[in-house]
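Heads up, the thing below is written out as structure tokens.
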Amino acid sequence: MDTDNERPMPPRNLFARLRDLHRTAWVAPHELEDRLNGPGQDPNGKMDDDAVRPLHIAAISPMPRAAAGVRALLAAGADPDLADAMGAPPAFWAARWGEAAALAELIRGTQGVADRLDAWQRGIAHWWAMGNDDVGEASDQLLLDEGVPFQLLDHLGAAPIHWAAAIGGRVERLLALDGDFAMLPDRAGFLPIHYAAGAGITLQAVPQLIAAGADPDRAAGQFWPADFLADDMKDEWTSLTGGGRPEGPAGSVA
């Protein structure tokens, strides 16, 4: 995952495969209205077996006037309810990788967006939580206005805060919504700090979780967060937490 101020994006091989309307949606969304008036342009066309539609790509375009591209596709008959191969409609992409203006357009057009789930039983809050806290206009209010559940557990038993902690996503904004998320257990009893330690991606969420009351020495069943650390992260963990795995038998999460 990118850790600088560039907006994190889907795998780069996705963009190497962009052609025709999908490519316009990415590099020049402001030109979509004119392009869609031409012959043979299908606003719902699949790019390939991933079932990615032009609306998915316009939803995450980093170019100016990306929301105008979304509006042009919707006006031309693009269906915001059509999902990709993972079961994610364009609004999910916008929640994670797009700007708030594009997300607002898609939320208005997507049926029951607060209740939609992808193939992993993740809701739009899970996708939003995996976005980047450092860039882009805040979009959490859009989800709150729709009544999106931020404590929804996916098929792994994880809530949005667990995914955010694992990959260094929107932890700060989630904790601003509800500081108790720092101690929210997943279905197995593991806390967000266990995910931060165990994902092997980044520990950037650890100080935020500790500041919100998470205890790095708090066990879940027989496991402390430090039990899941990759070897190359142990020194950073010690620096961030001031310690490591405590001695003695692990307790249980209350």
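Is it the case that Glu137 is in contact with a Gly (Cβ under 6 Å, 6 or more places away or on another chain) and open to solvent by 20 Å² or more (accessible area, probe 1.4 Å)? Against the criterion (in contact with a Gly (Cβ under 6 Å, 6 or more places away or on another chain) and open to solvent by 20 Å² or more (accessible area, probe 1.4 Å)), Glu137 does not qualify. Summed over segment 37-56, residues that are modelled with pLDDT of 95 or more and farther than 13 Å from Leu82 by Cβ total 0.
Of all residues in segment 52-74, those satisfying the criterion of being open to solvent by 10 Å² or more (accessible area, probe 1.4 Å) and assigned to a loop (DSSP other than H, G, I, E, B) are Arg53, Pro62, Met63, Pro64, Arg65.
One residue stands out among those in segment 13-36 that are under 12 Å from Ala76 (Cα atoms) and in contact (Cβ under 8 Å) with a residue 12 or more places away in the chain: the one that is least open to solvent (accessible area, probe 1.4 Å), which is Leu32.
Among the residues examined, Asp115 does not qualify as of a type in the set (Asp, Glu) and buried (at least 16 other Cβ atoms within 10 Å of the Cβ). Taking the criterion of being within 16 Å of Asp42 (Cβ to Cβ) and either surrounded by fewer than 19 Cβ atoms within 10 Å (Cβ to Cβ) or touching a strand residue (DSSP E or B) at 6+ places or on another chain (Cβ under 7 Å) (or both), the only residue of segment 82-92 that qualifies is Leu82.
As a summary of the residue check, Glu105 satisfies the conditions (1) surrounded by 24 or more Cβ atoms within 10 Å (Cβ to Cβ); (2) closer than 30 Å to Gly157 by Cβ; (3) of a type in the set (Asp, Glu) except for the one numbered (2). In segment 212-232, the residues that are at positive phi form Cβ pairs under 7 Å with partners that are at pLDDT below 95, at six or more places apart or across chains, as follows: Gly221/Ala250; Gly221/Ser252. State whether one or more residues within segment 146-166 are modelled with pLDDT of 95 or more, β-branched (Val, Ile, Thr) and more than 21 Å from Ala101 (Cα to Cα). Yes, some residue in segment 146-166 is modelled with pLDDT of 95 or more, β-branched (Val, Ile, Thr) and more than 21 Å from Ala101 (Cα to Cα).
Within the bounds of segment 201-223, is there any residue that is surrounded by fewer than 21 Cβ atoms within 10 Å (Cβ to Cβ) and in a strand (DSSP E or B)? Checked segment 201-223: at least one residue is surrounded by fewer than 21 Cβ atoms within 10 Å (Cβ to Cβ) and in a strand (DSSP E or B).
Note on segment 24-36: residues that are modelled with pLDDT of 95 or more and of a type in the set (Lys, Arg) total 0.
The values are calculated or read from the model by the stated rules, or taken from the named source; none is laboratory data. Quantities reported herein were computed from a predicted structural model and do not represent experimental measurements. A quick note on method: Cβ atoms are made from the backbone with ideal geometry, for glycine too, and the neighbour counts reach across all protein chains shown. The area values use the complete protein model at the heavy-atom level, side chains included, leaving out ligands, DNA and RNA. Shrake-Rupley method; radii C 1.70, N 1.55, O 1.52, S 1.80 Å.
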